[in-house]
Amino acid sequence: DDDGLIHDADWWRQRPEVWPGSLRIANETWSRKRLSEALGAVSTDPVVRLLRELVAVRLNLEAGAARWILSEVLRAERLIARLAVGDQGSGELERRAAALAAELEAYNAGRGLRRQQR
């Protein structure tokens, strides 16, 4: 795995020519149009932020970046399956979305800590 392949959401947003034709996120196939919409979303809504960072992580993983973030990705995808963008949801779910978005954003910015193998 190569941490040098990790890029943030803005980097990916500006380079759609390097995206795959589609991408699997939360057991759904996302089109390039949907990927673009998610990467272009700027919001304080924790679910919108989580989706944006999740798309960037999935693009990083598709490009061959370090895979130690997979457990957080799966947690994020399970949470997204429970929430719709714009729904109020419970305060606890919103806090979890915000915390996961921060973890994914740190990974995308190259600030995430490498997880130790058990």
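The values are calculated or read from the model by the stated rules, or taken from the named source; none is laboratory data. Since this is a predicted model, take the numbers as computed values, not measurements. In this analysis, Cβ positions are derived from the backbone assuming ideal geometry, glycine residues included, and neighbour counts consider all displayed protein chains. For accessibility, only protein heavy atoms count, side chains too; no ligands or nucleic acids. Shrake-Rupley method; radii C 1.70, N 1.55, O 1.52, S 1.80 Å.
Summary of computed values
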read-out	value
Residue in region 16-28 that is part of a loop (DSSP other than H, G, I, E, B), under 22 Å from ALA97 (Cβ atoms) and either open to solvent by 20 Å² or more (accessible area, probe 1.4 Å) or charged (D, E, K, R) (or both) present	yes
Residue in region 39-57 that is among the β-branched types (Val, Ile, Thr) and assigned to a strand (DSSP E or B) present	no
Filtered residues of region 47-61 (kept if open to solvent by 20 Å² or more (accessible area, probe 1.4 Å) and either at pLDDT below 90 or touching an Asp or Glu at 6+ places or on another chain (Cβ under 8 Å) (or both))	ARG49
Single condition GLY89 does not satisfy, out of (1) closer than 13 Å to GLU53 by Cα; (2) open to solvent by less than 50 Å² (accessible area, probe 1.4 Å); (3) modelled with pLDDT under 90	(1)
Any hit, region 62-78, residues being part of a helix (DSSP H, G or I), under 22 Å from GLN14 (Cβ atoms) and open to solvent by 50 Å² or more (accessible area, probe 1.4 Å)	yes
Subset of region 92-108 that is modelled with pLDDT under 95 and of a type in the set (D, E, K, R) - its residue that is farthest from the chain's Cα centre (by Cα)	GLU92
